[in-house]
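Trainee: Below you will find the structure I want to go over with you.
Here, each number is a calculation from the coordinates, and none is a lab measurement. Keep in mind that what you see is a predicted model, and the values were worked out from it rather than measured. We place every Cβ from the backbone using ideal geometry, glycine too, and count neighbours over all the protein chains shown.
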Amino acid sequence: METRPIEGGFGVEITAGLDVLNPLSAKQINEIDVLMDEHSLVLIRNQPMTVDEQLTWTRQFGPLDLGFKKVIAKGGEKQKYDEIGDISNLSKDGKPAARTDKRILNNIANQMWHSDSSFQKPAAKYSMLHSVRNPSWGGQTQYADLKAAYDALDERTKAFLDDKIAEHYALHSRFLIGDDSYNEEQKAAIAPAYWPVVRQNPRTGRKHLFIGVHARSIEGMTVPEGRMMLLDLLEHATKGEFTYLHEWQVGDTMIWDNRATLHRGRAFDLDEPRELRRTTTLDDKAPELRLAS
Ligand code: OGA
Ligand code: MN
């Protein structure tokens with residue numbers, strides 16, 4: 001495979017030697033894993049896939065994650081598979097959905113910096129977003145590099161964070177955008193997940209932050225102190241020097257490592273169609289899964 005750096009941020013583009021419609025050899029999968037460990041973002045351009053092709057392609061990298069669909073009612077999906085994240089603003093008739101539709105809420109929730117499924121254990125490993133249709137303005141996806149952000153922390157902060165554990169709660173980001181339409185039963189059914197604030201890639205040993213909008217408290221700190229720390233870290237990690245803004249072209253597939261990056265969608269005109277499809281693998285080999293909580 002041939003690669004070149006993505007301009008204007010971080011990550012690499014695979015420019016030759018890969019056809020997403022052909023099964024990958026073990027060697028090719030390892031090559032992509034090595035690129036992901038190193039760069040956290042891998043872009044493949046101009047290779048359109050159907051829903052079934054995208055599922056087949058993604059399954060080669062591990063078991064699939066259902067993410068939010070596992071914790072929130074599935075209603076209204078127009079896709080035939082739960083394993084496909086319909087990242088569109090379209091209702092069943094193919095037209096942009098009403099402002100009050102759940103999927104618009106999901107679109108807006110995606111515009112806050114997050115790591116997919118960090119509210120569950122196991123969380124998400126690779127997310128793959130495939131571009132089908134783009135609005136005429138906005139609608140980019142932006143990524144933040146949590147390895148570079150960790151490296152740039154001062155030594156005192158690194159030492160302070162070293163043994164800290166954050167609580168990640170699925171509904172925290174929903175409450176932030178004013179969506180509190182969940183009854184006690186639903187809230188109780190969604191247990192938080194706990195992750196170290198500083199994690200390590202298990203293959204390379206490289207340290208990185210692990211934060212985002214699902215994180216709402218830090219164990220052993222008061223809620224205000226912990227939350228302020230999380231806000232400060234988020235502001236630090238999403239400074240321009242650590243981020244990349246991806247302008248979608250139809251047929252793009254962006255693969256990101258949820259362990260070592262954050263991402264957010266950017267605003268667009270909700271009356272214009274925007275259609276992306278997401279498939280996600282589970283991080284079922286994370287060393288933290290051996291911890292009690
Ligand atoms: C996602 C996501 C952002 C976007 O698909 O997981 O957060 O740009 N998408 O739509
Ligand atoms: Mn996401």
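Trainee: Using a Debye calculation, one point per C-alpha and no hydration shell, please list log10 I(q)/I(0) for the chain at q = 0.07, 0.09, 0.11 Å⁻¹ in order.
Mentor: Once normalised to I(0) and log-transformed, intensities are -0.25, -0.41, -0.63.
Trainee: What does the highest-first list of 57-66, 121-130, 35-44 look like by mean Cβ count within 10 Å?
Mentor: My ranking of the peptides, most packed first, is 121-130, 35-44, 57-66.
Trainee: Which of these, His263, His236, His214, has the largest mean-square fluctuation under a Gaussian network model of the chain (Cα springs below 10 Å)?
Mentor: Comparing His263, His236, His214 in a Gaussian network model of the chain, the most mobile one is His236.
Trainee: Quick one: of Lys80/Lys164; Lys164/Lys187; Lys27/Lys95, which pairs are farther than 31 Å apart, Cα to Cα?
Mentor: From Lys80/Lys164; Lys164/Lys187; Lys27/Lys95, over 31 Å: Lys80/Lys164; Lys27/Lys95.
Trainee: Tell me what the chain gives for mean residue ellipticity at 222 nm when only DSSP H runs of n ≥ 4 count, each as -39,500 (n - 2.57), the sum divided by the residue total, rounded to 500 deg cm²/dmol.
Mentor: Per the formula, -7000 deg cm²/dmol.
Trainee: When only alpha-carbon atoms count, how far does region 147-293 stretch along each of its three principal axes, as whole angstroms with the largest first?
Mentor: Largest to smallest, the principal-axis extents are 46, 40, 30 Å.
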